[in-house]
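What follows is a single structure, written as structure tokens, with notes after it.
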Amino acid sequence: MKTCIKKYLFIITLIILCMPTVYAQNNKTSDKGDNMKNILVAYFSCTGNTRSLAGQIATVSKADLYEIKPKIPYTSGDLNWRYNSSRSNKENNDSSSRPAISGKVENMAKYDIIFLGYPIWWGQAPKIIYTFLDSYDFSGKTIVPFCTSGSSQIGSSASNLHKLCSEKTTWLPGSRIAGNTSRSAIVTWITGLGLNIKAE
């Protein structure tokens, strides 16, 4: 009889000790809403257009937001496309160029889906996006590229970036999204990707 009582007391004690852990896990899940995947929106922006769009995508998809910041910030002169010797022109014309990034994504391994945003510079992604893709292992992850541009489409920029990732990376077709795109249109785009993301 005493042995049975001891066993019951032991089991009850275990249940009580485990309850805080279970409660914390349930709360963590509910904080993410209905999205069971960890999502990151990583973006580079100089003029603010891509930054604004990335913020909207992060909000509607309940994602973390990370800005790809250059170690040496770009000046207006650096971005002068009319000047052949400007920094941005030199970088884009050099296939080996990899501008340094300030900071890094903490615990990149936890993310399942990454929205990657950038402006179009002379038909391509800025070389700092190449630096970003070279800096992490994206095996087993899904990358969704998107760009902003006054008139240019995403063109070959996304496919050229795709080449930097391993064959184990799922790469979705890229999309050009206007800076003034409505929230409802962004929700429609995200839910139509087939990634089981609840956007609202």
Inset, instruction - Say whether the condition of being within 14 Å of K71 (Cα to Cα) and touching a helix residue (DSSP H, G or I) at 6+ places or on another chain (Cβ under 6 Å) is met by at least one residue in the stretch 85-94. - result: no
Inset, instruction - Considering every residue within the stretch 129-148, establish whether at least one is more than 17 Å from the chain's Cα centre (by Cα) and within 22 Å of T47 (Cβ to Cβ). - result: no
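Conditions (1) more than 18 Å from A199 (Cβ to Cβ); (2) part of a loop (DSSP other than H, G, I, E, B); (3) at pLDDT below 95, marked per residue:
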{"residue": "I128", "(1), (2), (3)": "yes, no, no"}
{"residue": "L133", "(1), (2), (3)": "yes, no, no"}
{"residue": "G140", "(1), (2), (3)": "yes, yes, no"}
{"residue": "G150", "(1), (2), (3)": "yes, yes, yes"}
{"residue": "S166", "(1), (2), (3)": "yes, yes, yes"}
Inset, instruction - Check the stretch 163-170 and report whether any residue there is closer than 23 Å to K37 by Cα, touching a Phe, Trp or Tyr at 6+ places or on another chain (Cβ under 7 Å), surrounded by 13 or more Cβ atoms within 10 Å (Cβ to Cβ) and without any contact (Cβ under 8 Å) to a residue 24 or more places away in the chain. - result: no
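From the list S139, S175, S149, which one is closer than 22 Å to E91 by Cβ and without any contact (Cβ under 8 Å) to a residue 60 or more places away in the chain?
Being closer than 22 Å to E91 by Cβ and without any contact (Cβ under 8 Å) to a residue 60 or more places away in the chain holds for just one of S139, S175, S149, which is S149.
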Inset, instruction - Six or more apart or on different chains, Cβ under 7 Å: which pairs go from a residue in the stretch 68-84 that's within 23 Å of G55 (Cα to Cα) to one that's part of a strand (DSSP E or B) and of a type in the set (A, V, I, L, M)? Could you list them? - result: I68/A42; I68/I101; K69/I101; P70/I101; K71/I101
Legend entry - Residue match in the stretch 32-47 (condition: of a type outside the set (D, E) and at pLDDT below 50): yes
Inset, instruction - Determine if the stretch 54-63 includes at least one residue that is touching a residue at least 12 places away in the same chain (Cβ under 8 Å), hydrophobic (A, V, I, L, M, F, W, C), surrounded by fewer than 16 Cβ atoms within 10 Å (Cβ to Cβ) and in a loop (DSSP other than H, G, I, E, B). - result: no
Inset, instruction - All but one of (1) β-branched (V, I, T); (2) within 17 Å of F44 (Cα to Cα); (3) assigned to a loop (DSSP other than H, G, I, E, B) hold for I197, so report the exception by its number. - result: (2)
Inset, instruction - State whether the residues of the stretch 105-114 include one that is at pLDDT below 95 and either buried (at least 20 other Cβ atoms within 10 Å of the Cβ) or assigned to a loop (DSSP other than H, G, I, E, B) (or both). - result: yes
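The values are calculated or read from the model by the stated rules, or taken from the named source; none is laboratory data. Treat the numbers as computed from the prediction; the structure is a model and nothing was measured. Heads up, the Cβs are rebuilt from the backbone with ideal geometry, glycines too, and the neighbour counts pull from every protein chain shown.
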